[in-house]
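Student: Please read through the structure below; I'll follow up with questions.
The values are calculated or read from the model by the stated rules, or taken from the named source; none is laboratory data. On a predicted model such as this, the values are computed, not experimentally measured, just so you know. Here Cβ is always computed from backbone atoms with ideal geometry, including for glycine, and neighbour counts include all displayed protein chains.
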Amino acid sequence: MFFKIPTFVENKSKLKNMRLIVRILAIALLIFTACKSEKSEKNSNYADEITTSFDTFGGVISADNALSSKEMLTKFNSLKVGDTIRIKFASSIKEVCSKKGCWMKLPLDQESETMVRFKDYGFFMPLDSKYREVIVEGKAFVTEVSVNDLRHYAEDAGKSAEEIAKITTPKKEFAFEANGVLMKK
């Protein structure tokens, strides 16, 4: 005979097996969702901590593992014109564009600073953010800035015509393109 007619005993055994499988799946689902909600709670607490301590500009970044400005200066000094590294560091705002907030300068030590611009011109800093503590994350690189650009930045910063006229040579610059900024409240 080609077809076997199932008996009641065989169906009962299959039913037990199916119930066992459903129970195992239900327990696994319960364990998975319990672990997932705990993880979400941790992330939620971290996000709450960031939003209460910092104002966020641009992409979402964390405050973890940010270098100091002196450590960042060491990194910049190891770069040549054209080199780029992805990094995060903390400093305070020395100067900000007085027209739109489209750039800022962050001190690295008493003599050195970095010019920070924002990825894709996608966000700006508040005009009154001078001296505020920030953490920036993005690309650090060394470049040479033309006289025209230096004069433009001086004009944006509100420098006098006399100060602008004194700019006559290009300058090696520590540059930074930030994809995100945290500013301490």
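Student: I need a count of the residues in the stretch 153-185 that are exposed (fewer than 14 other Cβ atoms within 10 Å of the Cβ), out of contact with any strand residue (DSSP E or B) (no Cβ under 9 Å at 6 or more places or on another chain) and assigned to a loop (DSSP other than H, G, I, E, B).
Tutor: Looking only at that region, the number is 5.
Student: Please name all residue pairs, on different chains or six or more residues apart, with Cβ atoms under 9 Å, provided the first residue is in the stretch 72-87 and is of a type in the set (S, T, N, Q) and the second residue is part of a helix (DSSP H, G or I) and loosely packed, with under 10 Cβ neighbours inside 10 Å.
Tutor: So the pair list comes out empty.
Student: Okay, next question. Give the residues of the stretch 75-87 that are of a type in the set (Val, Ile, Thr) and modelled with pLDDT under 95, sorted by residue number. Break it down stepwise before answering.
Tutor: Of all residues in the stretch 75-87, those of a type in the set (Val, Ile, Thr) come to 81, 84-85, 87.
Scanning the stretch 75-87 gives a single hit, 81.
Student: Something else: Would you please name the residue that is surrounded by the most Cβ atoms within 10 Å (Cβ to Cβ), looking only at residues in the stretch 93-134 that are without any contact (Cβ under 8 Å) to a residue 40 or more places away in the chain and part of a strand (DSSP E or B)?
Tutor: Among residues in the stretch 93-134 that are without any contact (Cβ under 8 Å) to a residue 40 or more places away in the chain and part of a strand (DSSP E or B), the one surrounded by the most Cβ atoms within 10 Å (Cβ to Cβ) is 104.
Student: Considering the stretch 121-149 alone, what residues qualify as being acidic (Asp, Glu) and under 23 Å from residue 81 (Cβ atoms)?
Tutor: Of the residues in the stretch 121-149, the ones acidic (Asp, Glu) are 128, 133, 137, 144, 149.
Result: 137, 144, 149.
Student: Something else now. With respect to residue 150, determine if the residue is crowded, with 16+ Cβ neighbours inside 10 Å, closer than 16 Å to residue 171 by Cβ and in contact with a helix residue (DSSP H, G or I) (Cβ under 6 Å, 6 or more places away or on another chain). Spell out the reasoning first.
Tutor: Details: crowded, with 16+ Cβ neighbours inside 10 Å: yes; closer than 16 Å to residue 171 by Cβ: yes; in contact with a helix residue (DSSP H, G or I) (Cβ under 6 Å, 6 or more places away or on another chain): no.
Against the criterion (crowded, with 16+ Cβ neighbours inside 10 Å, closer than 16 Å to residue 171 by Cβ and in contact with a helix residue (DSSP H, G or I) (Cβ under 6 Å, 6 or more places away or on another chain)), residue 150 does not qualify.
Student: Right, here's the next one. Only one residue in 26, 90 is surrounded by 12 or more Cβ atoms within 10 Å (Cβ to Cβ) and at pLDDT 65 or above. Which one? Quick ask: steps written out before the conclusion?
Tutor: Working: 26 fails: surrounded by 12 or more Cβ atoms within 10 Å (Cβ to Cβ).
After ruling out the rest, the residue left standing is 90.
Student: Here is a follow-up. Condition (residue is of a type in the set (Lys, Arg), touching a helix residue (DSSP H, G or I) at 6+ places or on another chain (Cβ under 9 Å) and under 23 Å from residue 70 (Cβ atoms)) applied to the stretch 121-130: is it met by at least one residue?
Tutor: no
Student: Next up: Residue 62: surrounded by 10 or more Cβ atoms within 10 Å (Cβ to Cβ) and either at pLDDT below 70 or out of contact with any strand residue (DSSP E or B) (no Cβ under 9 Å at 6 or more places or on another chain) (or both), yes or no? Steps first, answer last, please.
Tutor: Values: surrounded by 10 or more Cβ atoms within 10 Å (Cβ to Cβ): yes; either at pLDDT below 70 or out of contact with any strand residue (DSSP E or B) (no Cβ under 9 Å at 6 or more places or on another chain) (or both): no.
So residue 62 does not fit the description; no.
Student: Taking residue 139 and the conditions (1) assigned to a strand (DSSP E or B); (2) out of contact with any strand residue (DSSP E or B) (no Cβ under 8 Å at 6 or more places or on another chain); (3) of a type outside the set (Val, Ile, Thr), which numbered condition does it fall short on, given that it satisfies the others?
Tutor: Only one criterion is unmet by residue 139, namely (2).
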